[in-house]
Amino acid sequence: MPHLRPFVSAVVRPIPVTTREQRIQELDRAGHNPFNLPSDKVSIDLLSDSGTGALSTDQQAWAQRADERYAGADSFFRFQEAVRDVVPYRHILPVHQGRAAERVLFTALLGPGRISVSNTHFDTTRANVELLGAHAIDLPCPQAQDLDSEEPFKGDIDLDALKDVLTGPDGPRVGQVLITITNNGGGGQPVSMGNLEAASALAREHGVPLILDAARFAENAWLVTRRDPAYAGWSPRDVARRAFELADGCVASLKKDGLSHEGGLIALHDGKVADECEVNVIATEGFRTYGGLTGHTLETLAQGLREVLDPNYLADREREAAFLADRAHAAGVATVRPSGLHGVYLNAGRLLPHLQPWQFPGHALACALYREGGIRCSELGSLYLGELDENNALVTPAPFELVRLALPRRVYDHGHLEYVAEVLADIAKHPEQVPGYRFVSAPPLLRHFRCVTAPI
Ligand code: F0G
């Protein structure tokens, strides 16, 4: 059947059109770090899918009805009801974004010397674990090592390794098992329901809470219905609900599958932990019925949580990501397979074999995409994940040199993605012309956001 995009633009925003000379100047001014570029010099912004989506007319209409009273606002109860429709936990606390949820919940579950075990901690998630003096362990499944394989659930946690940690000498120090759905750090790959069930059983057996980092819960549920025959007839809502039922609680950035520009969530069964979190939220985010969010945002979120589970919307998102991945492939640029929903991950290491990890091929490709086409995106490779010595020389490279083209929700259409693919194809015609990079400065903490680099 021909595919019909299930929405149209109701309001449009012009995007900047720049020349190559301007972009070369802007890159210089930005210290060759895409995070430093002013957005009015960026034509297509694929830096993040977080808080960057377009609102629907219904979200805007609900937002107009917002109740901004300090406590017990109607808007909170509508938000709570929309969350409860999919997240079946007793205690629900809004916060201003995902990392606030992490900070608050981890303060209750972890502490100095404690351990958080995950399929992959997202960067801020790991930072929040480590800031508490706790230790973050990533246990991605072995299938995730093969970027080209079409294995359907490469976001899974390695169950054997999880069991080893829980039964080993460090077992008593594990404060949480955290499963990130979908696995953003691992190429946006989904986690299977079988893996969640097994992780849930293991965690329960050892008396450790299983927490979902549910930033992309709807996208994970959709990919389960598409890739696991046992769930083929299920609605994304029912799959998402089942996933939450298997866990004891969740933290979520609602800037992704909440279809909102801001917002986060802590949801829990356990009254004692929820009580501790509530005190922390009141002290640092806001009263328990707003958590730092306006009534306007709570209404936007309530409606967003309904829209995000629409199968037509999710099918469209899958199709757009697959379109860009297929076009990249046709241009000779390998992507992490199979393609997920929130982004296309380019294999820069393979495209630029003349660059060694210490010349940061992923960063080189991200800078080339801006220079040649005004496209902004970020590296997921040695610049972000590699280990440096005291002179900022790379001593341990990242396992892969990737670039993430994140796809904001409901923003770019086929024409924009076609353009991205064309720019990529031009670069791929003469990959040897893409220069490598070196650090000018590399702050020890959150380096990729703050470093200055220069072409070699
Ligand atoms: N967990 C995951 C899996 C995420 O992808 C993010 C954010 C967070 C937690 C933190 O949420 O931004 O609301 O505080 N990811 C964005 C990204 C920034 O571009 O992938 P936040």
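Worth a mention:
- Cβ-Cβ distances below 7 Å connect the following pairs, each with a first residue in region 174-200 that is free of Cβ contacts under 8 Å to residues at least 40 places away in the same chain and within 15 Å of Asp158 (Cβ to Cβ), a second residue that is surrounded by fewer than 22 Cβ atoms within 10 Å (Cβ to Cβ) and of a type outside the set (Phe, Trp, Tyr), and a separation of six or more residues or different chains: Ala198/Leu159.
- Residue ID - farthest from the ligand (Cβ to nearest atom), chosen from residues in region 396-412 that are of a type outside the set (Gly, Ala, Ser) and touching a Ser or Thr at 6+ places or on another chain (Cβ under 8 Å): Pro397
- Filter result (more than 16 Å from the ligand (Cβ to nearest atom) and among the β-branched types (Val, Ile, Thr)) within region 166-225: Thr167, Val174, Val208, Val224, Thr225
- Of the strands (runs of 3 or more DSSP E) entirely within region 336-448, those holding at least 3 residues that are more than 30 Å from Phe153 (Cβ to Cβ) and outside the structural domain of Ala221 (by TED's automatic domain parsing) occupy 437-441.
- Selection of region 234-259 for residues being in a loop (DSSP other than H, G, I, E, B) and more than 10 Å from the ligand (Cβ to nearest atom) yields Trp234, Ser235, Leu246, Ala247, Asp248, Asp257, Leu259.
- Here Leu132, Leu105, Leu110 are screened, and the one residue that is at pLDDT 95 or above, of a type in the set (A, V, I, L, M) and touching a Pro at 6+ places or on another chain (Cβ under 9 Å) is Leu132.
- Any pair with Cβ under 6 angstrom, 6 or more apart, that starts in region 204-222 at a residue that is closer than 12 Å to Leu109 by Cβ and ends at one that is within 11 Å of the ligand (Cβ to nearest atom) and modelled with pLDDT of 95 or more: Ile211/Leu178
- Any chance His430 is surrounded by 24 or more Cβ atoms within 10 Å (Cβ to Cβ) and under 26 Å from Ala322 (Cα atoms): no
- Unique residue being in contact with a helix residue (DSSP H, G or I) (Cβ under 9 Å, 6 or more places away or on another chain) and in the same structural domain as Cys377 (by TED's automatic domain parsing) when the list is Arg327, Arg319: Arg327
- Residues of region 28-73 that are within 25 Å of Leu324 (Cα to Cα) and outside any loop (DSSP other than H, G, I, E, B): Pro34, Phe35, Ser39, Asp40, Lys41, Ile44, Asp45.
- Members of region 120-150 that are in contact (Cβ under 8 Å) with a residue 12 or more places away in the chain and among the acidic types (Asp, Glu): Asp123, Asp138, Asp148, Glu150
- Matching residues, region 260-270, being outside any loop (DSSP other than H, G, I, E, B) and within 9 Å of the ligand (Cβ to nearest atom): Gly264
- Only one of Arg84, Arg78, Arg99, Arg90 that is surrounded by fewer than 21 Cβ atoms within 10 Å (Cβ to Cβ) and free of Cβ contacts under 8 Å to residues at least 24 places away in the same chain: Arg84
Yes/no matrix, rows are residues, columns are (1) in the same structural domain as Leu365 (by TED's automatic domain parsing); (2) of a type in the set (A, V, I, L, M); (3) under 25 Å from Arg306 (Cα atoms):
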position	(1), (2), (3)
Leu4	no, yes, yes
Val11	no, yes, yes
Gln25	yes, no, no
Asp28	yes, no, no
Asn33	yes, no, no
Ser39	yes, no, no
Ile44	yes, yes, no
Ala63	no, yes, yes
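- Within the option set Leu417, Leu341, being buried (at least 18 other Cβ atoms within 10 Å of the Cβ), under 27 Å from Ala54 (Cβ atoms) and in contact with a Lys or Arg (Cβ under 6 Å, 6 or more places away or on another chain) holds for one residue only, Leu341.
- The residue list Ala66, Ala30, Ala10 contains one member that is away from the ligand (no atom under 16 Å from the Cβ), without any contact (Cβ under 8 Å) to a residue 24 or more places away in the chain, on the phi < 0 side of the Ramachandran plot and over 22 Å from the mean Cα position of the chain (by Cα), which is Ala30.
- Filter result (more than 24 Å from Gly111 (Cβ to Cβ) and touching a Leu at 6+ places or on another chain (Cβ under 8 Å)) within region 164-184: Ile181, Thr182
The values are calculated or read from the model by the stated rules, or taken from the named source; none is laboratory data. Here the structure is a predicted model, which means the values were calculated and not measured. Cβ coordinates were reconstructed from backbone atoms using ideal geometry, including for glycine residues, and neighbour counts include every protein chain displayed.
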